[in-house]
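Trainee: Could you have a look at this structure, given as structure tokens, before my questions?
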Amino acid sequence: MTPPQTLDRAGIAARIPHSGDMCLLDRLERWDAQSIHCTTARHTDPANPLRTASGLMSACAIEFAAQAMALHGGLLAAEGSAPSAGFLASTRNVRLHGARFDDRPTPLHLHAERLSGDVNQVMYAFRVEDGAGRPVADGRAVVVLNTPLPAAS
């Protein structure tokens, strides 16, 4: 069966390791083998778990984009297989456009484009824009895949 082209929040939560309030994506708008576009209004939620007393700081936009990357990996996984566990290993050339973004117009648009990758790591370019089309954050991210967690001691 072919993965769906669009998903709601419940469909997204079933495909990424983030659940409850930590699932920051509301909708998958479209995707293909190289890119994904998601939207969300979770940045305005006063109960957002990333929010501080000062608001939702712009560096948190990287986590929003990383969840879109995780969803992309889940959609690319072979049918019936669990997506590879991934960890954000590094970011490069990140530009934050403002100190916070919880006051930006909805929906946020999360775009990620797979630049390169193999079974061990994937590099994405990402950009986050607010509902008015203004940039929130952009840059590149490397995700390391299939890395086992250390055993609990």
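The values are calculated or read from the model by the stated rules, or taken from the named source; none is laboratory data. This one's a predicted model, so the numbers in the text were calculated from it and none came from an experiment. Backbone-built Cβ (ideal geometry, glycine too); neighbour counts: all protein chains shown.
Trainee: Report, ordered by the first and then the second residue, all pairs with beta carbons closer than 7 Å, sequence separation of six or more or different chains, a first member in region 78-97 that is among the hydroxyl-bearing types (Ser, Thr, Tyr), and a second member that is surrounded by 16 or more Cβ atoms within 10 Å (Cβ to Cβ) and at pLDDT below 95.
Mentor: Correct list of pairs: 84/73; 84/145.
Trainee: Also, I was wondering about something else. Out of 56, 25, I need the residue that is modelled with pLDDT of 95 or more, closer than 19 Å to residue 97 by Cβ and touching a helix residue (DSSP H, G or I) at 6+ places or on another chain (Cβ under 8 Å). Which one?
Mentor: Values: 25 fails: closer than 19 Å to residue 97 by Cβ.
It is 56.
Trainee: Another question, if that's okay. Could you tell me which residue of region 60-104 is farthest from the chain's Cα centre (by Cα), considering only residues that are modelled with pLDDT of 95 or more, in a loop (DSSP other than H, G, I, E, B) and surrounded by 15 or more Cβ atoms within 10 Å (Cβ to Cβ)?
Mentor: My answer is 98.
Trainee: Out of region 110-128, which residues are surrounded by fewer than 19 Cβ atoms within 10 Å (Cβ to Cβ) and either free of Cβ contacts under 8 Å to residues at least 40 places away in the same chain or under 17 Å from residue 57 (Cα atoms) (or both)? Break it down into steps so the answer makes sense when it comes.
Mentor: Filtering region 110-128 for residues surrounded by fewer than 19 Cβ atoms within 10 Å (Cβ to Cβ) gives 111, 113, 115-121, 123, 125, 127.
Hits for region 110-128 are 115, 116, 117, 118, 119, 120, 121, 123, 125, 127.
Trainee: On to the next question. Let me spell it out: the conditions are (1) free of Cβ contacts under 8 Å to residues at least 40 places away in the same chain; (2) part of a loop (DSSP other than H, G, I, E, B); (3) closer than 18 Å to residue 126 by Cβ; (4) not β-branched (Val, Ile, Thr), and residue 30 meets all of them except one. Which number is the exception?
Mentor: Unmet for residue 30, out of (1) free of Cβ contacts under 8 Å to residues at least 40 places away in the same chain; (2) part of a loop (DSSP other than H, G, I, E, B); (3) closer than 18 Å to residue 126 by Cβ; (4) not β-branched (Val, Ile, Thr): (2).
Trainee: While we're looking at this one, here's another question. Please work out if residue 119 is aliphatic (A, V, I, L, M) and part of a strand (DSSP E or B).
Mentor: Values: aliphatic (A, V, I, L, M): yes; part of a strand (DSSP E or B): no.
Taking the combined requirement at face value, the residue does not satisfy it.
Trainee: Next up: In region 48-66, which residues are out of contact with any strand residue (DSSP E or B) (no Cβ under 6 Å at 6 or more places or on another chain), more than 19 Å from residue 20 (Cα to Cα) and of a type in the set (Ser, Thr, Tyr)?
Mentor: Selection gives 54 alone.
Trainee: Among (1) of a type outside the set (Gly, Ala, Ser); (2) more than 21 Å from residue 145 (Cα to Cα); (3) more than 12 Å from the chain's Cα centre (by Cα), where does residue 38 come up short?
Mentor: (3)
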